[in-house]
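To start, the structure itself, in structure tokens.
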Amino acid sequence: MNPASPRMPDAAGDPPVPGRAYVVGGAVRDALLGRPVHDRDWVVVGATAQQMLDAGFRPVGRDFPVFLHPRSGAEYALARTERKTAAGYRGFAVQADPSVSLEQDLQRRDLSINAMAQDEQGRIIDPWGGQRDLRDRVLRHVGPAFVEDPVRILRVARFAARLADFHVHPSTLRLMRQMVDTGEVDALVAERVWQELARGLMEPAPRRMFEVLRDCGALARVLPEVDALWGVPQRADAHPEVDCGEHLMLVLQSAADAGAPLAVRWACLMHDLGKASTAAEVLPRHIGHEARSVRLAAGVAARLRVPSDCAELAAVVAAEHGNVHRSLEFGAAAVLRLLQRCDALRRPQRFELVLQACRADFLGRGGDWPRRDYPQQQRLLAALEAARGVDAGALAREVAQRGGSAQAIAQALAAAREQAVRERLGEGV
């Protein structure tokens, strides 16, 4: 494995970088894996912050010595070491000066596959066995300092979702469990949890992220509402996979396989939270779990400061996914009420996302369910198109000219939309 040499920063008339610059981290890893490299991060060894400023680089951030290239805008960080001073990922004292070596800088990184560098001749500097671990398909921590930053638990899980054929080395998993047991994971702040979860959800195999978090015990601390679903049974006729947690992973993977956007994947993750607290019968039906799911999803969104588009979609999907599944049985009036509850007439694009999440929920089951059709999606979209095709303005003017009140206008509009939906669905034709 030998990636192409990086374009060095002093080419094509660019100002020279003080010291020695190396491409590091993800760009080296992805090139060795034969994956596209979109961004390159650089580490500069043997330079001071003042020398970077004198060369025209622009400083960014307060905590770390990072600079932007004056032409390309690429990030250049001075080689640095870190010393743990307090709990959490912010509790570090940073040392960045010309005496810090490249090997010392790489040693502070999380995984061996992220702790490689490449020089201007294309040579790989790999003091911690990253190339070996790429070949062996293993996620292995660099050193004992791994335990000092709880974000690394989330990052390992996220990389498991990106590199689905990699496994977490047993020694690394032991350290992750240690960080959970000692409470280090509890120092995570909401913004970083959401950032890593969101990135992991958008990876090719997001279920792997949650499997790793469960394996080390972190899921129960970060997302206890999700962790509680494992071991909760469902009716085997509708859910051959039976276990609610396994169903959730199948749903999430179905959404990922369909290329769904983040809001849909988050809605899939949140849609069944209420099943963990719904009183079960002999054959568990989880009656009323939808309303519980809405409340629990709202609590998660508030705690993690989830963006509004994700939180709002999750609320609609949690409340209505069962009705969407049953909508083939609905007549025009019931279909119209469902569309109105989902605010589909006003926000049709969001309703399409609701249906994407519901389709993933329907197909994300065991047995032959993933091979089934989901005609509810097209039927509801056709009904929505018909309802929105009614000219509300013209109808309102017509009723008003006859002396009709605002209530009469609303009734006439509802009747016209229901008739349009009925005709589109072929009822009574």
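Here, each number is a calculation from the coordinates, and none is a lab measurement. The structure presented is a predicted model; accordingly, all values stated were derived computationally and were not measured.
Residues in segment 158-165 carry Karplus couplings, in order, of 5, 5, 5, 6, 7, 10, 5, 8 Hz; the curve used is 6.51 cos²θ - 1.76 cosθ + 1.60 with θ = phi - 60°, and Gly or Pro positions show x.
Taking Cα atoms, how many degrees apart are the long axis of helix 406-425 and the longest axis of the chain, rounded to 10 and kept between 0 and 90? So the helix axis and the longest Cα principal axis differ by about 80 degrees. A straight chain from Ser101 to Glu423 at 0.36 nm per residue would run longer than the Cα-Cα distance by 108.5 nm.
Comparing Gly73, Gly403, Gly259 in a Gaussian network model of the chain where C-alpha atoms under 10 Å apart are linked, the largest mean-square fluctuation is found at Gly403. Computed from phi, the 3J(HN,Hα) profile of segment 190-199 under the Karplus parametrisation 6.51, -1.76, 1.60 (θ = phi - 60°) reads 4, 4, 6, 4, 5, 4, 6, 4, 4, 5 Hz, with x in place of Gly and Pro. Estimated purely from DSSP H runs of n ≥ 4, each contributing -39500 (n - 2.57), the mean residue ellipticity at 222 nm for the chain is -14500 deg cm²/dmol once divided by its residues. Mean shadow of segment 247-381, computed from the convex hull of its alpha carbons, in nm²? Spelled out: convex hull of the Cα atoms, projected over all directions, averaged, 8.4 nm².
Here is the tail figure for the chain: Cα pairs spaced more than 41 Å apart come to 33 percent of all pairs.
For segment 256-272, putting each phi into the Karplus relation 6.51 cos²θ - 1.76 cosθ + 1.60 with θ = phi - 60° gives couplings of 5, 4, 7, x, 5, x, 4, 4, 5, 5, 5, 4, 4, 5, 8, 5, 10 Hz, in residue order, rounded to whole numbers and with x for Gly and Pro. With a/c under 1.5 counting as rounded, go ahead and sort segment 194-272 into rounded, prolate or oblate using the C-alpha gyration tensor (a ≥ b ≥ c being the square roots of the eigenvalues; past the cut-off, prolate if a/b is larger than b/c, else oblate). Since a/c reaches 1.5 but b/c is at least a/b, the shape of segment 194-272 is classed as oblate.
Counting only alpha carbon atoms, the long axis of helix 392-401 and the longest principal axis of the chain meet at about 40°.
In whole percent, what relative contact order does the chain give with Cα contacts below 8 Å and a gap of six or more residues?
Details: 733 pairs, mean separation 40.1, N = 429.
Reported as a whole number, the value is 9 percent.
Residues whose amide H comes within less than 5 Å of that of Val168, counting only those at least five positions distant or on another chain, are Leu139 (H built at 1.01 Å from N in the peptide plane).
Distant-in-sequence amide contacts of Ile125, defined by a placed amide H-H separation under 5 Å and a gap of 5 or more residues or a different chain, comprise Ala117, Gln118, Asp119.
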